[in-house]
Every structure is written in C-alpha cells, then in structure tokens.
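Mind having a look at this structure? Questions to follow.
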Amino acid sequence: MPSWLAALESKESAARSRAGELRELIAGLSEALTLVETELSRLQITRETMTEVLADGPGPAAPVPDGESAVVPLAELVPVLLAAEASGDATVTSEAYRRILVVFAQAPGPLRCMDVCVGVGLGTAANHVEGMRSKLKRLVERGILLEAESGLFALASRAGAR
C-alpha cells in the first residue's frame with residue numbers, strides 16, 4: 001500500500017509546484033498589465049488635454065512675470081535693451097522682440113523656434129514657427145542671440161559667461 005501513497009504525494013508535490021509557478025506567472029502578468037494600463041491612462045489623458053487645448057486655438061500671450069523671481073533672469077536683458085535703444089534699433093525694442101527676449105531670459109538653456117512660439121503665446125503652426133525663426137535669425141545678426149546648432153538659439157550674454 002505504501003506505493004499508492006508515494007505516488008499520491010508525488011502528484012500532490014508536482015501540482016503544488018505547478019501552482020506556485022502559475023502564481024508567479026500571474027503576478028508577473030498582473031504587474032505588466034498594471035504598467036500598460038497606467039501608460040494607456042496617461043496617453044488617454046494627454047490626448048484629451050491636447051484635443052481640448054488645440055480646440056481652443058492659440059492662447060493669449062504669456063504674461064511677463066512680476067516680482068523678484070523675474071528680476072534676476074531679466075536683469076541680463078537690460079544692457080541688451082539699453083544698447084538697442086541707444087542705437088535706435090526699434091526692432092529689438094519693440095514689444096514682440098522684448099517678449100521673445102523675456103522667454104530666453106527665463107529659459108534654463110537654448111530653445112528651438114517652436115519653444116519660443118509657445119513661450120510668447122503663439123501657435124505652433126508652420127507660419128508661426130517660420131516667422132519666429134526669421135525674428136530669431138535677426139537677433140542672431142545683431143549679436144543678441146547665438147545659434148548654437150542649427151535651429152537651437154540661446155542668449156549671447158549667457159554663452160559668453162560660460
């Protein structure tokens with residue numbers, strides 16, 4: 001009789017082992033499913049947000065921040081604007097160019113045309129980006145901005161300080 005008992009224990013042990021393997025597999029699949037569901041949720045939220053933002057069209061121009069937090073990055077623009085005013089350069093002292101320079105002063109590093117468009121509150125349509133590229137190239141010609149690499153612009157005062 002001990003042979004059937006040994007066979008039963010062997011089958012029971014094999015079934016327990018297989019059940020443990022399946023539990024591990026289920027746990028791994030559950031974790032993977034949770035990660036994918038989280039990613040899907042984030043993508044759905046992004047889609048809904050972008051659809052909502054794009055349906056509203058371009059927003060108003062980004063306000064120039066007030067207060068002490070804006071003083072430090074904007075202080076580096078003072079010499080640029082004073083020099084432009086002294087030389088009678090109405091282009092650089094215009095409201096549109098000042099807003100562009102504020103975006104660069106507040107940025108932690110170089111920017112692309114599209115980033116600047118967003119920063120000043122324009123749309124990112126091709127006509128806006130190309131118009132901005134033209135303005136940025138004009139500022140490069142005046143020595144106010146540098147084009148570090150093709151399409152990547154930065155304040156010349158920051159590049160010289162590094």
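Counting just the residues of the stretch 98-115 that are within 13 Å of the chain's Cα centre (by Cα) and hydrophobic (A, V, I, L, M, F, W, C), which one comes out farthest from K137 (Cα to Cα)?
The qualifying residue farthest from K137 (Cα to Cα) is A107.
Next question. For the stretch 136-144, state whether one or more residues are touching a helix residue (DSSP H, G or I) at 6+ places or on another chain (Cβ under 9 Å), within 26 Å of L54 (Cβ to Cβ) and of a type in the set (A, V, I, L, M).
The answer is yes; a qualifying residue exists.
For (1) polar (S, T, N, Q); (2) under 21 Å from the mean Cα position of the chain (by Cα); (3) in a helix (DSSP H, G or I); (4) modelled with pLDDT of 85 or more, each residue gets a yes or a no:
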position	(1), (2), (3), (4)
T91	yes, no, yes, no
C117	no, yes, yes, yes
L122	no, yes, no, yes
V129	no, yes, yes, yes
G160	no, no, yes, no
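Next question. Provide a single number: the residues in the stretch 75-106 that are in contact (Cβ under 8 Å) with a residue 24 or more places away in the chain, aliphatic (A, V, I, L, M) and surrounded by 17 or more Cβ atoms within 10 Å (Cβ to Cβ).
Qualifying residue count for the region: 9.
Counting only residues that are of a type outside the set (G, A, S) and over 22 Å from A83 (Cβ atoms), how many does the stretch 121-141 have?
8
Check L136 against each of (1) outside any helix (DSSP H, G or I); (2) open to solvent by less than 80 Å² (accessible area, probe 1.4 Å); (3) not small (G, A, S) and name the one condition it does not meet.
(1)
The values are calculated or read from the model by the stated rules, or taken from the named source; none is laboratory data. Owing to the predicted nature of the structure, the values given are computational and were not obtained by experimental measurement. So basically every Cβ, Gly included, is an ideal-geometry build from the backbone, and we count neighbours across all protein chains shown. When the accessible area is computed, the model is the full protein with side chains, heavy atoms only, and any ligands, DNA or RNA have been set aside. Shrake-Rupley method; radii C 1.70, N 1.55, O 1.52, S 1.80 Å.
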